[in-house]
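Encoded as structure tokens, the structure appears first; notes follow it.
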Amino acid sequence: MESGETLFRKGERSDGLYRVRTGRLVVTCPGPMGQELLLSILGPKEWFGEVGLFEGGRRSASVKAIETSIVEWMPTEAVRQRMRTDPRFGRALLSTAAGRVRRLTQRVEDQVFLDVPTRLARTIVSLCRDHGEEVDGGVCIALPLSQSDLGALISATRESVNKHLQRFARSSLLRIRDGQLVVTDLDRLARLGDRPGPEDPARRASREPRPE
């Protein structure tokens, strides 16, 4: 898949399960005025498409590539056969689905109870741990995300995101380099967002089932 190419759209009939082999994709929901709600970012080894698979209905969201990607596909009947013959695979898929529900629940809770800078700090830390690359002087979020995209992740305006990013930069928490964020003090930023743990368990769960 090329960057910007759509794999499937919300409302299309489910045809199976997918796994990211290389590259990154985003899961979105379209709004009535053409805007998009950015739900999550998928990276290598992550499975997706399980909601439509279990429901036997239509896709609950859209998925598109944000960089050149290779995606593996397992047809619905092959997934069901694998679940019948390998109970561990089925349990792992359920764990993936449950982890995503937990992740979205936490996001809604954050939006209700936390202010914008705290939500932004949490999101940047999460992006560093899931998609960060070590560079000289910090961790670079190696994703083509705009400030509007960050705003869509935390339900904030681009202007608000820009204001707080500048504040973080003045506090020596991060710097903006060629349009990308480089976090220079991940521990302090994590304390600001109060995000414990080295990796989100929902993210780890989504990588567990593997086809033979």
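Residues in the range 62-79 that are out of contact with any strand residue (DSSP E or B) (no Cβ under 6 Å at 6 or more places or on another chain) and surrounded by fewer than 15 Cβ atoms within 10 Å (Cβ to Cβ): THR68, GLU77, ALA78.
Within the range 22-61, if we keep just the residues that are among the hydroxyl-bearing types (Ser, Thr, Tyr) and more than 13 Å from the chain's Cα centre (by Cα), the residue that is nearest to THR105 (Cα to Cα) turns out to be SER60.
Among the residues making up the range 132-147, those that are crowded, with 17+ Cβ neighbours inside 10 Å and either among the charged types (D, E, K, R) or farther than 15 Å from THR184 by Cα (or both) are LEU143, LEU145, GLN147. Take the conditions (1) farther than 28 Å from GLY193 by Cβ; (2) of a type in the set (Asp, Glu); (3) part of a helix (DSSP H, G or I); ASP110 misses just one of them, which is (1).
Please state which one of ARG107, ARG91, ARG122, ARG158 is farther than 28 Å from GLY49 by Cα and either modelled with pLDDT under 90 or not assigned by TED's automatic domain parsing to the domain that holds CYS29 (or both). Break it down stepwise before answering.
Working: ARG107 fails: farther than 28 Å from GLY49 by Cα; ARG91 fails: farther than 28 Å from GLY49 by Cα; ARG122 fails: farther than 28 Å from GLY49 by Cα.
Step by step, each of ARG107, ARG91, ARG122, ARG158 is checked, and only ARG158 is farther than 28 Å from GLY49 by Cα and either modelled with pLDDT under 90 or not assigned by TED's automatic domain parsing to the domain that holds CYS29 (or both).
So which residues in the range 45-87 are outside any strand (DSSP E or B), within 21 Å of GLY99 (Cα to Cα), modelled with pLDDT of 90 or more and in contact with a Lys or Arg (Cβ under 7 Å, 6 or more places away or on another chain), if there are any at all? Passing the criteria: LYS45, GLU46, ARG59, ALA61. Can you pull out the residues in the range 26-36 that are surrounded by 14 or more Cβ atoms within 10 Å (Cβ to Cβ) and of a type outside the set (D, E, K, R)? Passing the criteria: VAL26, VAL27, THR28, PRO30. The numbered conditions (1) touching a residue at least 40 places away in the same chain (Cβ under 8 Å); (2) of a type outside the set (A, V, I, L, M); (3) closer than 21 Å to VAL182 by Cβ; (4) surrounded by 13 or more Cβ atoms within 10 Å (Cβ to Cβ) are all true for THR96 except (3).
The values are calculated or read from the model by the stated rules, or taken from the named source; none is laboratory data. Just so it is clear, the structure is predicted and the values come from calculations on it, not from any experiment. With ideal geometry, Cβ positions are generated from the backbone for all residues, glycine too; neighbour counts draw on all protein chains shown.
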